[in-house]
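See structure below.
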Amino acid sequence: MSNSQLYPFERNRYYPGKLLTSADFQAEQNYHINKGRFINGLMYGSGVVCGLGVFSLDDLSVLIESGVAIDGTGREIILDTSVVKKISAIEGFDRLETDTAILKIRYNEQDVHSVYSVNHKEDEKEYEFNRIAEGYELFLVDKEGETVNYDPETEFLAREILFKSENYVGEVMMPATVCKGKNVKIVLEIRKVSDEDVRLSCRGILEIPVFHTPDDESELEIGVEDLNLKMGESIRKEYWVRVLDNDAEESELILRSGSAAAFENENAINSSSHFAIRVRLSNSSPLELVGRETGRINLEMRNMELSDDAISLAEIQMVRNAGSYIIENIRDTSAKKYVLTPAQEIMRNNYLSYYVKDVELKKNKDIKETPVLKNAAPSKAGEFTNIATGTLEVPLGRNAREGDIRYSGEIAHGLGPGNVYVEIGYNFVSDDPDMGANQKSTIYGNPELFSQQNNILASVETGIKVLNEKGSFVVAARLLRNVDFLVLSFRWVAIRFPSGDDIELTEDYYDKSISVDTPTVIMGGKESHFFGVRFNNMKACSITYELTSPGSGEISSDGIYTAPSKEGVYEIRIYCTDMPVICTYAYAIVKKKMLDDKNETDVTEKTGDSK
């Protein structure tokens, strides 16, 4: 990959009389371009930012949706309009050696706008290109020859192979460092690596000296029965255990010798006879531990992770013979990696999923096997953690007619497995005479009701199939009349209904609190008072002060309150900056100095009642 080393950075130093050449201006451009790309790679990683879906239009062609991606060097790859391509016309098709290919996109620059060079010399070109156009190029590679980049998760997780065959791979994994007195997750991940129709059963017994199961046992039985996956699918079976709080600094999770067994269609396959996963025991909290693990990845390790200058869009399976081919299947979920939040935050949330709040663990038999959508979009961090939204497109093809039914691909809503409600609305663009421009609109319900206002609406009825166990959904659309569109665009909204089994990934705050030294003070107008804070069962931390209503005076960041001139009772909210759930309140009674003791008593009692 060219230009993979963006740093160290060097910029022009200007001084009076400096002679500027084209090399100086090029250095000026390179400084800002490389700094932006460096920030992109550091904050967002590489992958698809939005769009770039791949759909089969017919046996020979694919539709690639418009979208944006960031490659391993931090360069933005922009496909501004959807394109239709024949597979045979895409670069790399002639070099394919297998029937399964990966469709990729990479950044590409081209010199454009040829202009006459006024000051050219005899041995120089008479015309030069005046601009550089940033674009893209699509290409195909064999899936078998696909290289796997360095995965930073390997530094956080300890892994061992339980069994491996031509059809399935079973792996046991857990954090390489665990927190004393906390819960931790052990995962059995099983992946299907072939397209053979084979059923799998496996089992094994893990000896866990410094862990306790929900049944207070020091051994853990793992395994699955009669599992049948498709190629590229995987499941993760989770087992929660508690780490004992002792003086040990290290321990091992041991596969009992001879306990592992695996069968495909009742035929035994090779499995590990024995392994030991060594783990470190830490006194840190999960938040502290994960913060260190995500922050200690150095630039060399990050460059290994982001070493590819091309982004995978889809896996295409074909039936090929001499001189011809047919598209058999397209999978984009197994090949595509999405970028939704800064790379470190994604990693932080992923690592936090291996820890759980200190509550009583449920029996392992109650934990269901959950199929995992590879590279499914993670939930966005924010206030509305039970709501997700996005856009989707249902391809119609060139000859869609009334009564035809078309389906979207499987879409991960990002809210995880469970009871989720999904609603979709039809997206369209129409002329707005009031605004004098085109306007995007979304219709939830029947678009036919608005057809008199805009005669280009597609008349369709839709249905949604929510796959509760997989955390995804599929949309079906039936045409009620003929249309000339290639694609129908929809906006979807998903709402997760709370479940009593949901586990909150936060620290335990029930025994931690803060209190004010003097929670209620009586003061005159424009007087000042400092509200000191005591910390109960917790270390001192940063405190934020805020007034709960306007016109309540002023409060500084260090807790000095200045009363307003108007009499009244004013409330101040005080909370831990990094843990807003830990908070308390203080009250300032502002009155004139001439009030007597009786009035003071009345006001104080009133304050106590309101509090």
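The values are calculated or read from the model by the stated rules, or taken from the named source; none is laboratory data. Since we're looking at a predicted model, the values are computed, not measured. Here the Cβ positions follow ideal geometry from the backbone for every residue, glycine too, while neighbour counts run over all protein chains shown.
Just a yes or no: is a residue in segment 129-141 outside any strand (DSSP E or B) and either modelled with pLDDT under 90 or hydroxyl-bearing (S, T, Y) (or both)?
Restricting attention to segment 129-141, the residues satisfying the condition of being outside any strand (DSSP E or B) are none.
Scanning segment 129-141, I find no residue that is outside any strand (DSSP E or B) and either modelled with pLDDT under 90 or hydroxyl-bearing (S, T, Y) (or both), so the answer is no.
Looking at (1) loosely packed, with under 15 Cβ neighbours inside 10 Å; (2) in a loop (DSSP other than H, G, I, E, B), which one does E546 not meet, given that it meets all the others?
(2)
Return the total of residues in segment 497-526 being modelled with pLDDT of 80 or more and surrounded by 15 or more Cβ atoms within 10 Å (Cβ to Cβ).
Our first condition is that a residue be modelled with pLDDT of 80 or more; within segment 497-526, this holds for 512-526.
Applying the additional criterion that residues be surrounded by 15 or more Cβ atoms within 10 Å (Cβ to Cβ) yields 512-514, 516, 519-523, 525.
Here the count works out to 10.
Which residues, counting only those in segment 429-481, are hydroxyl-bearing (S, T, Y), at pLDDT 70 or above and assigned to a strand (DSSP E or B)?
Of segment 429-481, the ones hydroxyl-bearing (S, T, Y) are 430, 441-442, 444, 451, 459, 462, 472.
This time we only want the ones that are at pLDDT 70 or above, so: 441-442, 444, 459, 462, 472.
Once the filter is applied, which keeps residues that are hydroxyl-bearing (S, T, Y), at pLDDT 70 or above and assigned to a strand (DSSP E or B), segment 429-481 yields S441, T442, Y444, T462, S472.
Scan segment 64-87 residue by residue and report those that are of a type outside the set (A, V, I, L, M, F, W, C) and surrounded by 12 or more Cβ atoms within 10 Å (Cβ to Cβ).
Narrowing segment 64-87 to residues of a type outside the set (A, V, I, L, M, F, W, C): 65-67, 71-76, 80-82, 85-86.
Within segment 64-87, E65, S66, G67, D71, G72, T73, G74, R75, E76, S82, K85, K86 meet the criteria.
Just wondering, is there one or more residues in segment 259-266 that are within 32 Å of the chain's Cα centre (by Cα), on the phi < 0 side of the Ramachandran plot and not β-branched (V, I, T)?
From segment 259-266, those within 32 Å of the chain's Cα centre (by Cα) are none; that's our starting set.
Checking segment 259-266: not a single residue is within 32 Å of the chain's Cα centre (by Cα), on the phi < 0 side of the Ramachandran plot and not β-branched (V, I, T).
Just to check your reading of the model, which residue among S259, S234 is among the hydroxyl-bearing types (S, T, Y) and either under 13 Å from L200 (Cβ atoms) or modelled with pLDDT of 90 or more (or both)?
Details: S259 fails: either under 13 Å from L200 (Cβ atoms) or modelled with pLDDT of 90 or more (or both).
Within the list S259, S234, the selection yields S234.
Of everything in segment 8-38, what is in contact (Cβ under 8 Å) with a residue 24 or more places away in the chain and farther than 23 Å from D80 by Cβ? Give them in sequence order. Step through it out loud before you land on a result.
Filtering segment 8-38 for residues in contact (Cβ under 8 Å) with a residue 24 or more places away in the chain gives 9, 34-38.
Across segment 8-38, the qualifying residues are F9, N34, K35, F38.
Within segment 181-260, considering only strands (runs of 3 or more DSSP E) that don't extend past its boundaries, which have at least 2 residues that are among the basic types (K, R)? Show your work before the answer.
Values: elements: 183-192, 200-207, 219-227, 234-243, 250-255.
Hits in segment 181-260: 183-192, 234-243.
Do you know which residues across segment 555-576 are hydrophobic (A, V, I, L, M, F, W, C) and surrounded by 15 or more Cβ atoms within 10 Å (Cβ to Cβ)? It would help to see each step written out before you state the result.
Restricting attention to segment 555-576, the residues satisfying the condition of being hydrophobic (A, V, I, L, M, F, W, C) are 555, 560, 563, 569, 572, 574, 576.
Matches in segment 555-576: I555, A563, V569, I572, I574, C576.
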